[in-house]
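Data first, discussion second: the structure below is written as structure tokens.
The values are calculated or read from the model by the stated rules, or taken from the named source; none is laboratory data. Nothing here was measured: the structure is a model prediction, and the numbers come from that model. Reconstructed Cβ throughout: ideal geometry from the backbone, glycine too, with neighbour counts over all protein chains shown.
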Amino acid sequence: MSKSQLKSMWIGIGIVIVMALFPPWIGSKNNGPVGFAGYSLIYKQPKYTIPSSRVYTIGPDGKRTDHSRPRTRRHYGQAQVDYRLLSLQVFLVLLITCGAIVQTGARPKPEV
């Protein structure tokens, strides 16, 4: 293997390792339908943010009082790694890596 082929191979291996460390997750919010939950570390379940609700009251003196609740972050229910999407990603990276290795291979010089 030439240096450029080795470089292509190690870049592909590095990308696959990063994809394995940060896989795609699926989960449900509040026992709703299961959907894409984003990417997160393999050992940390992803979280979602509940938007803050703005509640204001106006007192008798005309002052506005803020009773808003801050944003909260909750874990997805039944979160798990989406192995179908992960395997598709790994397959595409391996396909591109193999193409790069073949493309950068040594070509025979044409005879004159």
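Restricting to the range 41-70, and then to whatever is closer than 27 Å to Leu21 by Cβ and among the basic types (Lys, Arg), can you tell me which residue is modelled with the highest pLDDT?
Selected residue: Lys44.
If you go through the range 1-42 one residue at a time, how many are in contact with a strand residue (DSSP E or B) (Cβ under 9 Å, 6 or more places away or on another chain) and among the basic types (Lys, Arg)?
Qualifying residue count for the region: 1.
Would you be able to tell me the number of residues in the range 17-28 that are under 9 Å from Tyr76 (Cβ atoms) and either aromatic (Phe, Trp, Tyr) or surrounded by 15 or more Cβ atoms within 10 Å (Cβ to Cβ) (or both)? If you could, list the steps in order and put the result at the bottom.
Kept after step one, since they are under 9 Å from Tyr76 (Cβ atoms), are these residues of the range 17-28: 25-28.
Narrowing the set further to residues that are either aromatic (Phe, Trp, Tyr) or surrounded by 15 or more Cβ atoms within 10 Å (Cβ to Cβ) (or both) leaves 25-27.
The number of residues fulfilling the criteria is 3.
Restricting the search to the range 71-112, which residues are small (Gly, Ala, Ser) and surrounded by 11 or more Cβ atoms within 10 Å (Cβ to Cβ)?
Gly77, Ala79, Gly99, Ala100, Gly105
With the requirement that a residue be without any contact (Cβ under 8 Å) to a residue 24 or more places away in the chain and of a type in the set (A, V, I, L, M), what does the range 83-101 give you?
Leu88, Leu92, Leu95
Which is of a type in the set (Gly, Ala, Ser), assigned to a strand (DSSP E or B) and either at pLDDT below 75 or in contact with a Phe, Trp or Tyr (Cβ under 6 Å, 6 or more places away or on another chain) (or both), of Ala106, Ala79?
Testing whether each residue is of a type in the set (Gly, Ala, Ser), assigned to a strand (DSSP E or B) and either at pLDDT below 75 or in contact with a Phe, Trp or Tyr (Cβ under 6 Å, 6 or more places away or on another chain) (or both) leaves just Ala79.
When the residues of the range 25-42 are narrowed to those that are assigned to a loop (DSSP other than H, G, I, E, B) and without any contact (Cβ under 8 Å) to a residue 24 or more places away in the chain, which ends up farthest from Asp82 (Cα to Cα)? Steps first, please.
Looking only at the range 25-42, we keep the residues that are assigned to a loop (DSSP other than H, G, I, E, B), and these are 29-33, 40-42.
Keeping just the survivors that are without any contact (Cβ under 8 Å) to a residue 24 or more places away in the chain gives 32-33, 40-41.
On the way: Gly32: 17, Pro33: 15, Ser40: 11, Leu41: 13 Å.
Taking the candidates together, the pick is Gly32.
Right, Phe22: touching a Phe, Trp or Tyr at 6+ places or on another chain (Cβ under 6 Å), at pLDDT 85 or above and either farther than 15 Å from Gln80 by Cβ or not hydroxyl-bearing (Ser, Thr, Tyr) (or both) or not?
Taking the combined requirement at face value, the residue satisfies it.
Do the conditions hold for Ala100, that is, is it at pLDDT below 95, part of a strand (DSSP E or B) and aliphatic (A, V, I, L, M)?
No; evaluated as a whole, the condition is false for this residue.
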